[in-house]
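Derivation of every value follows stated rules applied to the coordinates shown; laboratory data play no part. Just so it is clear, the model here is predicted, and its values are computed rather than measured. Neighbour counts are summed over all protein chains in view; Cβ atoms, including those assigned to glycine, are modelled from backbone coordinates with ideal geometry.
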Amino acid sequence: MKAFVITAPGEAGVHDVEPPTAAPGDVLVDVHRAGVCGTDVELYTGEMQYIEDGHTTFPIRIGHEWMGTVSAIGEGVDRAWLGRRVTGDTMLGCGMCRRCRSGRQHVCQFRGELGIRDGRPGALAEQVAVPATSLRALPDTVDDALGALVEPGGNALRSVQAAGLQPGDRALILGPGTIGLLAALFARAAGAEVHLLGRSERSLEFARSLGFSGVWTEEDLPDLPWDAVIEASNAKHLPARALDLVEPGKRVVYVGLAGSPSLLDSRTLALKDVTAVGVLSASPGLTGAVEAYGSGAVDPRPLIAATVALDGLAPVLAGARPDDAGQGPKIHVAIAAENRKD
């Protein structure tokens, strides 16, 4: 089958590889669509921390934001999954440790990460094999584009839930990238007054096009009481700034990751009586994201700037934007139906 493979930093393309099989407990999925995220770019450039730590080695087959149709099942899997449109979890715990048994498989010490850590090739391919336990069924009201946005949506939903927002609360989201904008959409759906802080005029203008009027830079951010601050950027100084901005007794959520350590003063955290929450993965938020998309409460499809073919992915990872790309931050890859095996 065809799969996108990164063979070394900055070197990648579509390769012919051996197709996966459905091992016991697994399903085989014909991939229809997959998203590209910052983690994929870092794997392509070789800057991903997992490479330095030895969790990930070349060659790498990426892809963890995906949807498709189950075409085969392994031993022990319910046949009802056959033919179902699905997406799935990225974090694949061992299933046996204390964390997994308590429902925290996404922080399992021995977890695999689909398309990120070694062990499970990713979904930027014609087919992917995943555990049936990781699947989430997609209703007809969630089309292919929405299905491939469930994984980032789960991260954003968890961030909003962690912020503890109530209707009428004022939320500030730092970083109008994919996760920040998705968090803004979920926060607005929860009844909050949503503001965003960013840098580039393109990203700020795009946020305004989604109906957010409170869009600011650090220079013109108004002095308002913020009931929650969600830090979704990659700027190393903004985690501390988030803590400075949030109202005493309220919440800061950290979902963004900088390329170098971010420092904040724990004295400020304690003296302001602030609750700080870190969000690692979408896992506990996947079902809620599917439900929000399916009901129409949140529609993130405007975030998709362009959809390319598998053989058009390498330039995107290298930083090029397709000629016909819109202003949104997300690029999708459509896996051509004629290339999939029936």
Log entry: pair-distance distribution for the range 191-342, C-alpha pairs binned every 10 Å from zero, whole % per bin is 9, 27, 36, 19, 7, 2, 0
Separation of the A23 and T7 label points, Cα + 7 Å toward Cβ, nm:
2.6 nm
Cβ-based charge dipole, the range 248-342, positive-most Cα from V298, V308, I335:
V298
To the nearest 20 debye, what charge dipole does the range 155-278 have about its Cα centre, counting +1 at the Cβ of each Lys and Arg and -1 at the Cβ of each Asp and Glu?
380 debye
R101 to A258: extension gain in nm, 0.36 nm per residue of separation minus the Cα-Cα distance?
53.4 nm
Phi angles of the range 307-315, converted by Karplus (6.51 cos²θ - 1.76 cosθ + 1.60, θ = phi - 60°) into ³J(HN,Hα) in whole Hz with x for Gly and Pro, give 10, 10, 7, 4, 7, x, 7, 3, x
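Can you tell me the dipole magnitude for the chain around its Cα centre, using point charges on the Cβ only (Lys, Arg +1; Asp, Glu -1), in Debye to the nearest 20? Don't skip to the end; give the middle numbers.
Numbers: 31 positive and 42 negative charges, 179 e Å.
Result for the chain is approximately 860 debye, rounded to the nearest 20.
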Whole-Å semi-axes of the range 155-278's equivalent ellipsoid (Cα gyration tensor):
20, 16, 13
Place a point 7 Å from Cα of L271 in the direction of its Cβ. Which residues in the range 216-258 have their backbone N less than 19 Å from it?
226, 239-252
Debye log10 I(q)/I(0) at q = 0.13 Å⁻¹ for the range 1-159, Cα point scatterers
-0.59
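Relative contact order for the range 207-342: what is it in percent, counting Cα pairs under 8 Å that are at least 6 residues apart?
Details: 159 pairs, mean separation 21.7, N = 136.
Once divided by the residue count of the range 207-342, the mean separation gives 16 percent.
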Derived scalar couplings ³J(HN,Hα) [the range 203-219; Karplus, 6.51 cos²θ - 1.76 cosθ + 1.60; whole Hz; x for Gly, Pro]:
5, 5, 5, 5, 4, 5, 5, 8, x, 9, 8, x, 10, 9, 9, 4, 6
Backbone HN-Hα couplings from phi across the range 161-173 [Karplus 6.51/-1.76/1.60, Hz, Gly and Pro as x]
4, 5, 6, x, 5, 10, x, x, 5, 9, 10, 10, 10
To the nearest 20 debye, what is the magnitude of the charge dipole of the range 85-157 about its Cα centre, counting +1 on the Cβ of each Lys and Arg and -1 on the Cβ of each Asp and Glu?
600 debye
Rounded to the nearest 5, what % of DSSP beta bridges with both residues in the chain are antiparallel?
55 percent
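What relative contact order, as a whole-number percentage, does the range 155-278 give when Cα pairs under 8 Å and 6 or more residues apart are counted?
Once normalised by length, the contact order is 25 percent.
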Considering the dipole of the range 155-278 built from charges on the beta carbon (Lys and Arg +1, Asp and Glu -1) around the Cα centre, which of G191, A162, P222 is farthest to its positive end?
A162
Could I have the simple spin-label model distance between D223 and D16, label points 7 Å from Cα toward Cβ, reported in nm to one decimal?
6.8 nm
Counting only residues 5 or more places away or on other chains, whose amide H sits under 5 Å from the amide H of H32 once H atoms are built in the peptide plane?
M67, G68, T69
Rounded to a whole number, what is D in µm²/s for the chain from Stokes-Einstein with the Kirkwood radius over alpha-carbon pairs (4 °C, 1.567 mPa s)?
63 µm²/s
For the chain, what does the helix formula give at 222 nm: sum of -39500 (n - 2.57) over DSSP H segments with n ≥ 4, over the residue count, nearest 500 deg cm²/dmol?
-6500 deg cm²/dmol
The answer for A306, listing residues at least 5 apart or on another chain whose modeled amide H is closer than 5 Å to its amide H, is G326, H332
